[in-house]
Structure formats: structure tokens, C-alpha cells
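Asker: One structure coming up, written as C-alpha cells, with questions to follow.
The values are calculated or read from the model by the stated rules, or taken from the named source; none is laboratory data. This is a predicted model, so every value here is computed, not measured. Cβ atoms come from the backbone with ideal geometry, glycine included; neighbour counts cover every protein chain shown.
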Amino acid sequence: MTAPVVSVIMAAYNGAALIRETIASLQAQTMADFEVIIVDDCSTDNTRAVLQSIADARFQIIESSVNQGPVKTRNIAVGHARGRYIAALDQDDLCYPQRFARQVAYLESHPEIALVAGAATLLENGAIRPSALPAITTPHLVEWMLGLLNPIVWSTVMLRSNVAQNLRPFSRPELLYAEDFDLYHRMLRHGGIARIDDPVLHYRIHAGGASQCYTKTMLDSSTRVLAESHADIFGAEAPARATLLIQHVMVGQPITDRATLAAMGETLTMLQQHFIDRRKPGPDDLRLIRWETARLWAKLGRAGLRSGKLVLADVLAVRPDHLGLGYAGPNELLVSGLVGSVRALRGARRPESSTQKDPTVQTRACGGGRPQSRTSH
């Protein structure tokens, strides 16, 4: 049997409510030379019946005899892939019709790239909105951002099969719900990572997502990924620096004291300089890297000011020289500071017994996923 160009891998678990639409989005692809390998991980709803009803020879359904979890289930699918390229897809996301054609064309014309992702729109309660990730990327920018957060939506990923088959294992089970984030870091040893900046996918956000149910595991695993990645830069401090990035960059928890903000500025400065020295990006890449880093710094400063715990003097005192005000003008920072002052005043007027803890910030950018693994934004 002739091998297809693309092998789609999908782990399924209790996805009967949405998986039909996902299957339909695959069947609507303009490039038809693909196979789909779906491993059902002992669903307790009628997912298996839905899968068994697919009348399309390109779909291979594997029914697991025991529940193994999302990582091992995905690895089984990869083991059955025969295509030149492997495309990731979760059971509830929807591909644009041109997705496979565009990604295959990109990989064919860029042999130095091991993995290409794509932009994604966010689909929630029938409404579509854009992602908050950068609108314009380059492989260097994607690699730089991977050192801070996860800029890639798993369901948009297409990678070279020969690289994937050589990874042992493809995804590491011990990094549950951040296994895709870890995979991207490991893929960088085999080639570049790029992103098509036009949307190729509708990414669903709903209450069943792993980012809603398994946040602590996801964040712990993501912290380990960054600590391992930055060990050569920070040494014994790598876990603490990684925790800083996870809490305030990935999760978006406001920084509430000057010392922590200073540590974040130092962390970003050291990481950026190490990346520039090692990768030597050209002028256009360097501009994008500095711009996105400055935008991030501005976001961190505004969040701290709006929390009411930081004042403008704190932000100005510890700002890294090369970030300036983070492309946020003084007026914008001043407004954030005023908002924070009002919040702090209101908090001071509340009786201590009525003070409430900040709600846990959920994140989709750390990797992992619903019971079948997610990543996003």
C-alpha cells in the first residue's frame, strides 16, 4: 500500500459530542492524500460508535483495551503513522480546508524546518475571536518565545515523520499536559520550528478542557520543561527562574513587589542576550524579538500596577535598559497605576475577614490539554 503524504494522529476520549465536526473538517481538506489514525482510550460514552461509523478508508481506528492517558495514547498513534509528515489534531478542533496543503507546501520548500505550526482562531460558545499570540512570526522569534512560554497550538502542528520516529519516546509521559511543550524543545535539536501566520484551525475552548481541569499538573510539568531548557544559563537557579516565568508570563499572575519585578527583568535580559549570542539573528529577527520582549515587559508592568501592589516608581526603577518602558508610554503606565491605586484603596477599606483570594488563572499556553492533551492561548 502506498504511504500517504500526511498521517493525522488523534487521541480520543469521551469526545462523541464534538468529534463528528472534527472528522468533517478533515474530510473537507483540499489535499486528500492523508490517513487518520485515531486511538480511542476506552471512552465511556459513544465515541467508539461514532468512530466505527466513519465510512472513509483513510481513517484507521484503534481501540485501546486499557485506559492509558493522553500521552501514551498519542504515542501509539505515532507508531502507526506511515506518512511523510505527521499532523497533530485534538478530537474537538476544526481544521481550515487549506491546512494540510499549506503546511505540506511549507515543509517541502523549507528543508531546514522540522516542525511547522499555524495560527489559530479561538472558538467559544459559537463565537470566533483571534488569538493573543503575535500576529507575525519568524522561526527565530518562535524559538525565542519557546524559552518563555508556549507560542504553538498543538492541533496546528505538522512535523517531519522521520524526526518524530527517531524520538524515544515521541512524547514523554512524565510531563503530562506539557508534553507538547517539551516536544517542541526536543524538536529544536533536529531543525527549526516555524509558524504559518494565517489561521489554519479553529481551536475550541470549553469547560471540558484540560486547562480547566488539570492546571496544577500542567504548570508543574511546564516549569520542569523550562528549568531543563535554561539549566545551562542559570544553573542551580533554573527552577526558580522557570517558576517565575510560568507564574507571571504563562499564567499571567501579577507581580506584586519590586524585588520580583527586578528578578523578572534580569531573567528576560539574561535569556535574551544568551539567545542573541547563540543564534545570531539577523536585523529583522532581532527587531521582532526585541519588540515582543518589550511588549511582554509592558504587560508585566501594567498587570503589577493594576493589581494595586506596585507603583509607577517600582516599574521605572527596575526596568531593563534595553526594554525602556516596554513600548508602553508613560501615560499608559500612569493610567494603570491609577487603576491600581483605586483597587488598593478599596481593598484597604474591606474588613480583613471579607478579603478574597485571587481566582486561579487558567492557561491554555502551557501545553498538555483536555483529557487528550491541549495547548494554546
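Asker: Please go through region 302-317 and pick out each residue that is surrounded by fewer than 21 Cβ atoms within 10 Å (Cβ to Cβ), part of a helix (DSSP H, G or I) and either not assigned by TED's automatic domain parsing to the domain that holds Q253 or not aliphatic (A, V, I, L, M) (or both).
Answerer: Answer for region 302-317, where residues must be surrounded by fewer than 21 Cβ atoms within 10 Å (Cβ to Cβ), part of a helix (DSSP H, G or I) and either not assigned by TED's automatic domain parsing to the domain that holds Q253 or not aliphatic (A, V, I, L, M) (or both): R306, S307.
Asker: Just one of L219, L271, L244 is closer than 14 Å to L149 by Cα and at pLDDT below 95; which is it?
Answerer: It is L219.
Asker: Further question on the same structure: So which of H202, H206, H185 is assigned by TED's automatic domain parsing to the domain that holds L146, touching a helix residue (DSSP H, G or I) at 6+ places or on another chain (Cβ under 6 Å) and within 30 Å of Q98 (Cβ to Cβ)?
Answerer: H185
Asker: Further, regarding this structure: Could you grab me the full set of residues in region 18-64 that are part of a strand (DSSP E or B) and either farther than 18 Å from V200 by Cα or not assigned by TED's automatic domain parsing to the domain that holds M158 (or both)?
Answerer: Matches in region 18-64: E35, I37, I38, V39, D40, F59, Q60, I61, I62, E63.
Asker: Return the residues of region 66-87 that are at pLDDT 95 or above and of a type in the set (G, A, S); say none if nothing qualifies.
Answerer: Result: A77, G79, A81, G83, A87.
Asker: How many residues does region 116-140 contain that are surrounded by 14 or more Cβ atoms within 10 Å (Cβ to Cβ) and within 14 Å of the chain's Cα centre (by Cα)?
Answerer: Number satisfying all stated conditions: 10.
Asker: Sticking with this structure for a sec: Is there any pair with a first residue in region 170-193 that is within 22 Å of P139 (Cα to Cα) and a second that is surrounded by fewer than 20 Cβ atoms within 10 Å (Cβ to Cβ) and of a type in the set (D, E, K, R) whose Cβ atoms are under 7 Å apart and which are 6 or more apart or on different chains, and what are they?
Answerer: If the second residue must be surrounded by fewer than 20 Cβ atoms within 10 Å (Cβ to Cβ) and of a type in the set (D, E, K, R), the pairs left are E179/R172; D182/R172; G191/E112; G192/E112.
Asker: Can you tell me which residues in region 297-347 are modelled with pLDDT under 50 and of a type in the set (A, V, I, L, M)?
Answerer: L325, A328, L333, L334, V335, L338, V339, V342, A344, L345
Asker: Further question: How many of the residues in region 289-300 are among the aliphatic types (A, V, I, L, M) and closer than 14 Å to L146 by Cα?
Answerer: Qualifying residue count, region 289-300: 2.
Asker: Something else: Can you tell me which of (1) free of Cβ contacts under 8 Å to residues at least 40 places away in the same chain; (2) more than 19 Å from H322 (Cβ to Cβ) is the one D257 doesn't meet?
Answerer: (1)
Asker: Of all residues in region 175-195, count the ones that are within 14 Å of the chain's Cα centre (by Cα) and in a strand (DSSP E or B).
Answerer: 3
Asker: Also, I was wondering about something else. Pick out the one residue from E266, E237, E292 that is acidic (D, E), under 17 Å from the mean Cα position of the chain (by Cα), surrounded by fewer than 21 Cβ atoms within 10 Å (Cβ to Cβ) and more than 23 Å from S171 (Cβ to Cβ).
Answerer: E292
Asker: Restricting to region 64-96, and then to whatever is within 21 Å of the chain's Cα centre (by Cα) and among the basic types (K, R), can you tell me which residue is surrounded by the fewest Cβ atoms within 10 Å (Cβ to Cβ)?
Answerer: Checked region 64-96; the qualifying residue surrounded by the fewest Cβ atoms within 10 Å (Cβ to Cβ) is K72.
Asker: Which condition from (1) touching a helix residue (DSSP H, G or I) at 6+ places or on another chain (Cβ under 9 Å); (2) modelled with pLDDT of 95 or more is the one that L288 breaks?
Answerer: (2)
Asker: Shifting gears a bit: From (1) in contact (Cβ under 8 Å) with a residue 40 or more places away in the chain; (2) of a type outside the set (F, W, Y); (3) surrounded by 16 or more Cβ atoms within 10 Å (Cβ to Cβ), pick out the condition that doesn't hold for L244.
Answerer: If we test L244 against (1) in contact (Cβ under 8 Å) with a residue 40 or more places away in the chain; (2) of a type outside the set (F, W, Y); (3) surrounded by 16 or more Cβ atoms within 10 Å (Cβ to Cβ), just (1) comes out false.
Asker: Look through region 197-213, keep the residues that are over 25 Å from P139 (Cβ atoms) and within 15 Å of the chain's Cα centre (by Cα), and return whichever of them is modelled with the highest pLDDT.
Answerer: It comes out as R204.
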